[in-house]
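I have placed the structure first, in the form of structure tokens, so that the comments after it can refer back to it.
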Amino acid sequence: MIAGQRYRHRSKDRKNCEDWLQAVCDGKIKPTDNKADWWRMEQRKDEEVRIDEMIVNQAEEAVLLYDYHQTKDLTKINEYLEKRLLPHMAYYCAHTLRFGKDRTLTASRQAAALLLTRIVAGRPVMNFTASCKRMLKIHQQRGDFFYYENAPQEVKLICNRLDLSALAKVWKVTKDRRI
């Protein structure tokens, strides 16, 4: 009962109902708002954290690129690719693009190779993650990276040495939605 009017909010989780009631009492939402509005308000909390993570990731990638341009050493970028970027691409391929396991592994490796090609060529890549996502989207539309064959031999060797066994496990876990 809110101001003599009866409102209903259903959920399997009691905490969710209590949060809804608190939000109504605080005036953050109206009791007549639909569930989509309520969820949108809840997602805004996560959005601030996500934006902070994006800024930190882009800053970290910029530092890696700056270090490469100073030393011409790709080892730190390779470590970043293996540990952070490739698992992120596997998740993106599995859920957003709906790729199978083999296509995910191949496309991720080739996207990493094309990213390294741009870096080695001296082109500034401001956001590794967004660049790779864009390339994977092109891969989905066209069916392949038609320009992968033009990658320098040095870059192909680096990408062929990448250990993708962990990436296959990441694909399996994300496909089952355990992450």
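The values are calculated or read from the model by the stated rules, or taken from the named source; none is laboratory data. Quantities reported herein were computed from a predicted structural model and do not represent experimental measurements. FYI the Cβ positions are ideal-geometry reconstructions off the backbone, even for glycines, and counts take in every protein chain you see.
Some notes on this structure:
- Candidates Lys72, Lys83, filtered to the one that is free of Cβ contacts under 8 Å to residues at least 24 places away in the same chain, basic (Lys, Arg) and under 25 Å from Lys169 (Cα atoms): Lys83
- Checked against (1) surrounded by fewer than 20 Cβ atoms within 10 Å (Cβ to Cβ); (2) under 13 Å from the mean Cα position of the chain (by Cα); (3) modelled with pLDDT under 85, Met54 passes all but a single condition, namely (3).
- Set side by side, the residues Lys175, Lys133 differ, and just one is of a type in the set (Lys, Arg) and at pLDDT 70 or above, which is Lys133.
- Some residue of segment 86-106 being under 30 Å from Ala23 (Cβ atoms) and in the same structural domain as Trp20 (by TED's automatic domain parsing): no
Rundown of residues vs (1) touching a residue at least 24 places away in the same chain (Cβ under 8 Å); (2) in contact with a Phe, Trp or Tyr (Cβ under 9 Å, 6 or more places away or on another chain); (3) more than 15 Å from Cys93 (Cβ to Cβ), yes/no style:
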position	(1), (2), (3)
Arg109	yes, no, no
Ala113	yes, yes, yes
Ile119	yes, yes, yes
Arg123	no, no, yes
Phe128	yes, yes, yes
Met135	yes, yes, no
His139	yes, yes, no
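- Any pair with Cβ under 7 angstrom, 6 or more apart, that starts in segment 1-28 at a residue that is under 23 Å from Arg44 (Cα atoms) and ends at one that is assigned to a loop (DSSP other than H, G, I, E, B): Cys17/His9; Cys17/Ser11; Trp20/His9; Ala23/Ile29; Val24/Pro31
- Of all residues making up segment 98-122, the number that are under 13 Å from Asn160 (Cα atoms) and of a type in the set (D, E, K, R): 1
- Any hit, segment 83-92, residues being under 22 Å from Cys159 (Cα atoms), at pLDDT below 85 and of a type in the set (Lys, Arg): no
- Among the residues of segment 60-80, the ones that are among the aromatic types (Phe, Trp, Tyr) and surrounded by fewer than 15 Cβ atoms within 10 Å (Cβ to Cβ) come to 1 in all.
- Test: Ala23 is among the small types (Gly, Ala, Ser), at pLDDT below 80 and assigned to a helix (DSSP H, G or I): no
- Enumerated helices (runs of 4 or more DSSP H) restricted to segment 52-140, each holding at least 3 residues that are on the phi < 0 side of the Ramachandran plot and of a type in the set (Ser, Thr, Tyr): 101-120
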